[in-house]
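Presented below is the structure to which this report refers.
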Amino acid sequence: MKICVLASGSKGNSILISGIQTNILIDAGISGKKISEKLNYAKVDENSIKAIFITHEHSDHIKGAGVISRKLKIPIFANKSTFQVAKNRIGKVESVYFFENGNPFTFNEFLIEPFSVPHDCEENSCFKISERNSKKKLVILTDAGYSTRLIKEKIKNSSTIILESNHDFDKLINGPYDWSLKQRIKSNNGHLSNSQACELMSEIIHPNLENIILAHLSEENNKPEIAKSEMHKILNKYGHKCNLFIASQNEPTDWIEV
Ligand SMILES: [Zn+2]
Ligand SMILES: [Zn+2]
């Protein structure tokens, strides 16, 4: 299984996952046109995408979902409460399948384990994904207010983690956002900061962890260099040599082997 983060940040998120036979998208939060462009850039035929899995209803996660579902005639998977509040914005779609957080399911060669994460939406689903006959596990953890025991349990044996590193705390507090938005971002239902991401990694770091992809970075309240150097400090502290990538809003990442 390999992955390419097509876009990551408050202006839109989408992750391409490519298995032995199947390509899927996690979220489609940029326009349908942009998704097509980025798939083209990643040299992926868009007709090879077989489903879109939605984490939650915020527009940076669903903006292009309806368009892509209709264009490619592919189903959307979401938890029920997310789909309820998102369906008018998503519009008519090819088909919808509901999953429940805590109940793993399969889609072609993928085993998908959705789990709940605190965030200011109906019900956020993050995902642990593996391929049949493979020990490698990918965890996608973004839009999380804080790291719960369940999160730590889910990510502790992952080989690749896409991890939110949304803001630098000082930049957020001293930055231009009004106080209520600052409160929302740093609250237990907001987003993981650089230091929260580092703290989480220092708790679960293990020898089989191969890739960390820092994601959902704020353009206003963070800088890729800051997020990267903070995480580097943690990796150095534990003498851990895994790959460290930064997902960005505009440029897709390279292909990353999970
Ligand atoms: Zn988001
Ligand atoms: Zn969100």
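Scan segment 145-178 for residues that are open to solvent by 20 Å² or more (accessible area, probe 1.4 Å), in contact (Cβ under 8 Å) with a residue 24 or more places away in the chain, assigned to a helix (DSSP H, G or I) and within 19 Å of N101 (Cβ to Cβ) and the total you get is 3. Of the residues that make up segment 146-156, is at least one away from ligand 2 (no atom under 15 Å from the Cβ), among the charged types (D, E, K, R), touching a Phe, Trp or Tyr at 6+ places or on another chain (Cβ under 7 Å) and on the phi < 0 side of the Ramachandran plot? Among the residues of segment 146-156, at least one is away from ligand 2 (no atom under 15 Å from the Cβ), among the charged types (D, E, K, R), touching a Phe, Trp or Tyr at 6+ places or on another chain (Cβ under 7 Å) and on the phi < 0 side of the Ramachandran plot, which makes the answer yes.
To keep it simple, each residue is scored yes or no on (1) of a type outside the set (F, W, Y); (2) within 16 Å of ligand 2 (Cβ to nearest atom).
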residue	(1), (2)
K34	yes, no
E46	yes, no
K71	yes, no
T82	yes, yes
F110	no, no
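Give me the pairs, please: first residue somewhere in segment 40-52 and open to solvent by 20 Å² or more (accessible area, probe 1.4 Å), second residue anywhere and part of a helix (DSSP H, G or I) and polar (S, T, N, Q), beta-carbon distance under 7 Å, and either six or more positions apart or on two chains. That search, which allows pairs on different chains as well, returns E46/S36. Scan segment 67-80 and give yes if some residue there is surrounded by 24 or more Cβ atoms within 10 Å (Cβ to Cβ) and farther than 24 Å from T106 by Cα, otherwise no. Checked segment 67-80: no residue is surrounded by 24 or more Cβ atoms within 10 Å (Cβ to Cβ) and farther than 24 Å from T106 by Cα.
Just checking, does segment 226-237 include any residue being among the charged types (D, E, K, R), part of a strand (DSSP E or B) and open to solvent by 90 Å² or more (accessible area, probe 1.4 Å)? No, there is no match, as no residue in segment 226-237 is among the charged types (D, E, K, R), part of a strand (DSSP E or B) and open to solvent by 90 Å² or more (accessible area, probe 1.4 Å). Every test in (1) within 16 Å of ligand 2 (Cβ to nearest atom); (2) open to solvent by 10 Å² or more (accessible area, probe 1.4 Å) is passed by A86 save one, and that test is (2). Filtered by the rule that a residue be more than 16 Å from ligand 1 (Cβ to nearest atom) and touching a Ser or Thr at 6+ places or on another chain (Cβ under 8 Å), segment 133-147 gives K135, K136, K137, L138, V139. Scanning segment 108-144 for residues that are surrounded by fewer than 19 Cβ atoms within 10 Å (Cβ to Cβ), farther than 22 Å from S10 by Cβ and either touching a residue at least 40 places away in the same chain (Cβ under 8 Å) or touching a helix residue (DSSP H, G or I) at 6+ places or on another chain (Cβ under 9 Å) (or both) turns up N108, E109, S134, K136. Pairing residues of segment 222-238 that are under 17 Å from I161 (Cβ atoms) with residues that are open to solvent by 80 Å² or more (accessible area, probe 1.4 Å), at Cβ distances under 8 Å and at least 6 apart in sequence or on separate chains, gives L235/K241. Would you check if A215 is in contact with a His (Cβ under 8 Å, 6 or more places away or on another chain) and within 16 Å of ligand 1 (Cβ to nearest atom)? Against the criterion (in contact with a His (Cβ under 8 Å, 6 or more places away or on another chain) and within 16 Å of ligand 1 (Cβ to nearest atom)), A215 does not qualify. Taken together, I20, I15 contain a single residue that is assigned to a strand (DSSP E or B), open to solvent by 10 Å² or more (accessible area, probe 1.4 Å) and touching a residue at least 60 places away in the same chain (Cβ under 8 Å), which is I15.
The values are calculated or read from the model by the stated rules, or taken from the named source; none is laboratory data. No experiment lies behind these values; they were computed from the predicted model shown. Glycine also receives a Cβ, built like all others from the backbone with ideal geometry; neighbour counts cover every protein chain displayed. Ligands, DNA and RNA are stripped out before the accessible areas are found, and what is left, the full protein with its side chains, is counted by its heavy atoms. Shrake-Rupley method; radii C 1.70, N 1.55, O 1.52, S 1.80 Å.
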